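See structure below.
The values are calculated or read from the model by the stated rules, or taken from the named source; none is laboratory data. From a predicted model like this one, the values you see are computed outputs, not experimental measurements. Because the Cβ atoms are built from the backbone with ideal geometry, glycine has one as well, and the counts that use them run over all protein chains shown. To get the accessible areas, we keep the full protein, side chains included, count just its heavy atoms, and leave off ligands, DNA and RNA. Shrake-Rupley method; radii C 1.70, N 1.55, O 1.52, S 1.80 Å.
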Amino acid sequence: MLLLLASQAAVAQMDVQFSDYTRLRSYFNPAVSGTDGKLNVAAAYSMQFVGYENAPATMYVGADLPIYFLGPRHGAGLSLMSDKAGIFSTQKIGLQYAFNLKLGKKTRLAIGAQASLLQEKISAGNIELEEEGDPAFPSSEVNGSKVDFAAGLYFYHPNYWAGVSAQHLARPLVEMGEKNEFQFERIYYLMGGCNIRFKNSFLSLQPSFMVMSDFKSWREDVQCRLAYEYESRSFYVGVGYSPDISTTFLLGGNFHGISLGYSYQMFTSGIGLVNGSHEITLGYQVDLDLFKKGRNKHKSVRFL
């Protein structure tokens, strides 16, 4: 049973689905890098199917920033991801580049690309087989690696944003030993959101959505947050829904550019309400726009 759960988790987590996707946009779309003129550092830790032995756990760390030269706005980013589900583990390191076009005073359109190194590993020591010597499973630890690519488009304004991206453009086939291999399929993302401020109030609504598909299966997520923002401080509570999969509850805050968030994804079918997924996000943001007044003040004005 545990081996079956691990195998199902590995397939389902070929692309990790973070609950707090608005804070981790550059993970899904390389064109996000450096678009908002800030240094953004984000980290996330997700524990999925809590209560099951060998359940999936994922750690992510990423950073992006603008690079100013020759007039246009350029951006760069670095991301690290480690995902473990039972006997399977995936490590990924990616380098991102984005070219930004200024469409208005605060509006940007960016095109981005990412080159990454994927490594897959099967830990044979954790395999419990009914029949010893099953040739379908390795007798020792095996691993393999391949280069992969991603690309995306991203439209940004402080009050609304949207993006489309594709991961695993190379469809890498990672070979592990002589008998084991893992095929990554192309995954496509469509994301968007906005910040609706109430008149004469510190409150705002922040709806967002994300659609993920390989054109064989689909996952849709919608979220809405209620945020309180005053000067360099903000707090939010929110709820998300993925049809036939889960309901997610979110809360968090931002203080002088340092953000902390927590979410719980409660599965609505199959797994049950208790054995959901916990996720913690931590971030830091500072303004690096060298060409506007009051530059380099340590103050975050965007919180989505």
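If only Cα atoms are counted, what is the Rg of region 13-106, and what is its Dmax, in Å?
Reported Rg and Dmax, both Å: 15.8, 54.
Can you report the principal axis dimensions of region 165-296 using only the alpha carbons, biggest first, rounded to whole angstrom?
Result, largest extent first: 61, 42, 24 Å.
Hey, any idea what % of region 153-229's accessible area is carbon plus sulfur with a 1.4 Å probe?
Percent of accessible area from carbon and sulfur atoms in region 153-229: 60.
Mind checking the per residue accessible area of region 164-232 for me, 1.4 Å probe, whole number of Å²?
Computed with neighbouring chains in place, this is 57 Å² per residue.
Once Lys and Arg get +1 and Asp and Glu get -1 on their Cβ, which of LEU273, ILE245, CYS194 lies farthest toward the positive end of the dipole of region 174-277?
So the residue we want is CYS194.
If the chain between GLU185 and VAL211 were fully stretched, how many nm would it gain, using 0.36 nm times the residue separation less the Cα-Cα distance?
Here the segment from GLU185 to VAL211 would lengthen by 7.8 nm.
Under 13 Å from the Cβ of GLN91, count the other residues' Cβ atoms, weight Lys and Arg +1, Asp and Glu -1, and hand me the total.
+1
Please give the charge dipole size of region 142-244, origin at the Cα centre, charges +1 on K and R Cβ atoms and -1 on D and E Cβ atoms. Round to the nearest 20 debye.
I would put it at about 360 debye.
Of the listed pairs LYS105/LYS199; LYS38/LYS216; LYS146/LYS216; LYS92/LYS216; LYS92/LYS179; LYS106/LYS146, which have alpha-carbon separations greater than 30 Å here?
Pairs exceeding 30 Å: LYS38/LYS216; LYS106/LYS146.
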